[in-house]
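Down below is the structure, laid out as structure tokens.
Rule-based calculations on the coordinates, nothing more; no lab input. Small disclaimer: the values here were computed from a predicted structure and weren't measured. Heads up, the Cβs are rebuilt from the backbone with ideal geometry, glycines too, and the neighbour counts pull from every protein chain shown.
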Amino acid sequence: MSGAPEPRKPQVFEPDDPALVGEPVSEEMAGAAEAGAAPAGGEAQTVRPTLSELSERGLRWGSILVFALAGAAALGIAAWFARLVSAALVRDDWIGWSALALLLVAALAAVMVLLREIAGFARLSRLGRLKADIASALADRDQKRERKAARRLADLYAGRPELAWSLSRFREHTRDVHDPGELLALADRDIVAPLDQSAKRLVTRSAKRVATVTALSPAALIDVSFVLIENLRLLRALATLYGGRPGFLGLLRLARMVATHMVATGGIALTDDLLGQFLGQDLLRRLSRRLGEGAFNGALTARVGIAAIDVVRPLPFLAAKPPRVRDVLGEVLKPMFRASPREAARQ
């Protein structure tokens with residue numbers, strides 16, 4: 001027979017200890033909890049978490065408040081719109097019939113916009129899958145997969161009138177290629193290289209517009225808005241050129257991919273370095289502020305365009321020469337700074 005239990009020894013604790021908020025747990029209950037079973041002679045008791053533990057678990061009352069207010073505002077707008085439509089439709093006059101016609105047109109437009117976004121995502125996904133298959137075939141040196149990818153690439157651009165001669169030339173020389181990697185190199189030289197020249201012209205024109213408007217614009221808000229809109233237009237034009245015309249949501253996804261590519265390759269820092277090397281540090285210091293901003297924004301647009309070409313191009317650069325930011329800068333900035341020494345002396 002066991003003796004009487006020893007009395008509990010005195011302990012020291014702080015009055016504001018958060019562990020004191022929960023209910024005390026006996027040693028028997030603690031042992032049963034560790035074993036995964038309820039203590040003998042009673043049901044398992046759950047210890048309620050404290051407020052500090054709830055905050056550590058990610059409960060954010062500010063986020064709940066924002067979402068609740070946003071939901072209430074959306075419900076209010078939906079209820080107001082429903083009442084407006086109901087009141088218009090119950091009228092048996094020209095107002096009711098006009099409201100019904102406008103709702104039908106809006107529904108048709110919403111369906112068409114949705115289909116356009118789905119088609120845009122599908123085109124971008126097709127480009128991404130083709131690019132991944134080509135990279136895998138080149139890495140494995142698999143001639144069968146390489147020929148299949150080359151046929152898919154030729155089918156992608158089969159409806160382009162400007163590429164009809166290039167496609168026919170590529171199909172004539174397809175049977176003469178037997179080494180791994182050479183067929184895709186031939187496709188790169190005959191099919192995709194002409195698209196690269198058009199893409200370079202698109203990038204150059206956009207960079208020239210951004211540099212000119214930024215240098216002449218009197219307000220910073222106009223500069224930021226024009227640079228953003230022009231860069232988005234450039235991304236859509238390049239994606240369309242290579243066969244992946246996106247919708248609005250697809251364009252936002254493409255912009256995120258290009259931004260990720262630029263961050264991964266140090267695109268912004270590279271733009272600043274190339275601008276300094278091209279113009280010279282002494283000339284950059286003597287330029288006016290507006291002209292310098294125009295030069296930097298034009299160079300940044302050129303860098304965005306080159307990064308977009310790397311992202312949307314279905315083939316890596318195998319036989320064709322990749323466009324460089326330095327070449328685009330040469331065409332963009334030289335006309336801008338022909339009179340820069342006189343303007344700098346005037347400042």
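Note that the stretch 241-247 has calculated 3J(HN,Hα) couplings of 4, 8, x, x, 4, x, x Hz, one per residue in order, obtained from phi through the Karplus relation 6.51 cos²θ - 1.76 cosθ + 1.60 (θ = phi - 60°); glycine and proline are x. A straight chain from Ile118 to Gln197 at 0.36 nm per residue would run longer than the Cα-Cα distance by 25.5 nm. Mind giving me the FRET efficiency for Phe226 and His261? R0 is 22 Å, r the Cβ-Cβ distance, nearest 0.05 is fine. For R0 = 22 Å, the calculated efficiency reads 0.45.
For the stretch 125-130, 3J(HN,Hα) computed residue by residue from phi via the Karplus equation (6.51, -1.76, 1.60; θ = phi - 60°) reads 5, 5, 4, x, 5, 5 Hz, glycine and proline entered as x. Treating each Cα of the stretch 65-124 as an identical point scatterer and ignoring solvent, apply the Debye formula and state log10 I(q)/I(0) at q = 0.12, 0.29 Å⁻¹. Computed log10 I(q)/I(0) values: -0.51, -1.03. Value of Rg to Rh for the stretch 55-186, rounded to two decimals, is 1.32; Kirkwood radius and Rg both from alpha-carbon coordinates. Please compute the Kirkwood hydrodynamic radius over the stretch 166-233, one decimal place, Å, based on all pairs of different Cα atoms. After inverting the mean inverse Cα-Cα distance, the result is 14.9 Å. Note on Ile77 and Ala107: the extension gain reaches 9.0 nm, defined as 0.36 nm multiplied by sequence separation minus the Cα-Cα distance. Each label point was placed 7 Å from the Cα along the Cα-to-Cβ direction; for Arg160 and Ser63 their separation is 4.5 nm.
In nm, what is the difference between 0.36 nm times the number of residues separating Arg326 and Thr240 and their Cα-Cα distance?
Numbers: separation 86, 0.36 × 86 = 30.96 nm, distance 2.42 nm.
Taking 0.36 nm per residue and subtracting the Cα distance, the gain is 28.5 nm.
Computed 3J(HN,Hα) for the stretch 141-154, one whole-Hz value per residue from the Karplus formula 6.51 cos²θ - 1.76 cosθ + 1.60 where θ = phi - 60°, is 6, 9, 5, 5, 5, 5, 5, 5, 5, 5, 5, 5, 5, 5, glycine and proline marked x. Averaging Cα coordinates gives a centre for the stretch 57-94 and one for the stretch 98-127; these two points are 23 Å apart. Just add up the charged neighbours of Val258: K/R +1, D/E -1, any other residue whose Cβ is under 13 Å from the Cβ of Val258. Net charge around Val258: +4.
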